[in-house]
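What follows draws every value from the coordinates through simple rules; no lab data is involved. For clarity, every value in this text was computed on a predicted model and none was experimentally measured. Cβ atoms come from the backbone with ideal geometry, glycine included; neighbour counts cover every protein chain shown.
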Amino acid sequence: MKPTKQFLDELWESFMPLYEVAEIQTRRFFNNHGQDKEMLRQFFNIRVCNERWNMVELAQKVANLPIDTDPEVVRLLAKQVYDEAEHFRLVSEILEHLTGEKTDMNKIYHPNQKMGAGLLGKYEAQDNPIALSLYQFMAEGRASHIWHTMSKVANDEFIQTRYARIARDEKFHSKIGRLMLEKICVTEEAQQQTLEMVGEMIWDLVEISCVSLGDFKTIPDDAKQIIRDAYGEPPRQLRVEF
Ligand SMILES: [Fe+2]
Ligand SMILES: [Fe+2]
């Protein structure tokens, strides 16, 4: 068994190609569509729904935490619920800034737009503490990389300042996941289970990247190469052509 810190450091390193791809796709989206109001509106429609869903899913999780959960973990996750509500508000403001209209969630919301937050629901359903903590560690880390990139390339100061703030929060949320994993990954068996789950989650997040940052159907060749070099072939049929 590896020392827990080393195990988690190496795990974090192994996520970098996934994050790199998300950064490439973010940069590409803003290069290609950064001046296209309709594309931007669609892009942020997805984001606003996702922040709202993050808040809802996490609030439910906090409400159902086992009674013996570390009080510090309880506090941090409850704080994250508030952060996600704050992100929901910030993205809603971005939409108003772009469209000049009040954001009407009744018109925007569609269950298919659950994206990453939908994944959280999937892992929640597995009722496995590794799945949730790992999702937190990995997916929030990815979000932080994307929003950090966006705060650099968005070409609109209103959007950039808000996403710099959101990126900082997501980084902190990822650290909460790591904190939880530090308590779990202390046995050979738990580390093995974590690695197996990474093997599944990587591909879920590759799909999410293509669906939420790309053209919904394909993965660009440069991104595909990076993913292949790092993680090999997908173990299942993906929702996007691979
Ligand atoms: Fe968020
Ligand atoms: Fe978050």
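Quick look at the numbers
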read-out: Solvent-free Debye scattering, log10 I(q)/I(0), computed from the Cα coordinates of the range 135-204 at q = 0.11, 0.12 Å⁻¹; value: -0.35, -0.40
read-out: When each of Lys122/Lys224; Lys61/Lys171; Lys102/Lys224 is checked by Cα-Cα distance, pairs over 31 Å; value: Lys102/Lys224
read-out: Computed over the chain, Kirkwood Rh from alpha-carbon pairs, angstrom; value: 18.4 Å
read-out: Mean-position separation - Cα centroids, the range 152-168 and the range 1-70, in angstrom; value: 16 Å
read-out: Relative packing of peptides 154-167, 30-43, 95-108 - highest average C-beta neighbours within 10 Å first; value: 154-167, 30-43, 95-108
read-out: Ordering of 4-10, 190-196 by packing [mean C-beta count within 10 Å, highest first]; value: 190-196, 4-10
read-out: Helix runs (DSSP H) in the chain reaching 24 Å along axis by Cα, Kyte-Doolittle at least 0.0; value: 129-153, 188-213
read-out: Among 13-22, 132-141, the order from most to least packed when residues are scored by Cβ within 10 Å on average; value: 132-141, 13-22
read-out: Calculated P(r) tail over 27 Å for the range 6-149, as whole % of Cα pairs; value: 27 percent
read-out: Percentage relative contact order, the range 4-231, counting C-alpha pairs under 8 Å, at least six apart; value: 29 percent
read-out: Computed magnitude of the charge dipole of the range 4-231 (debye, nearest 20; Cβ of K, R +1, Cβ of D, E -1); value: 620 debye
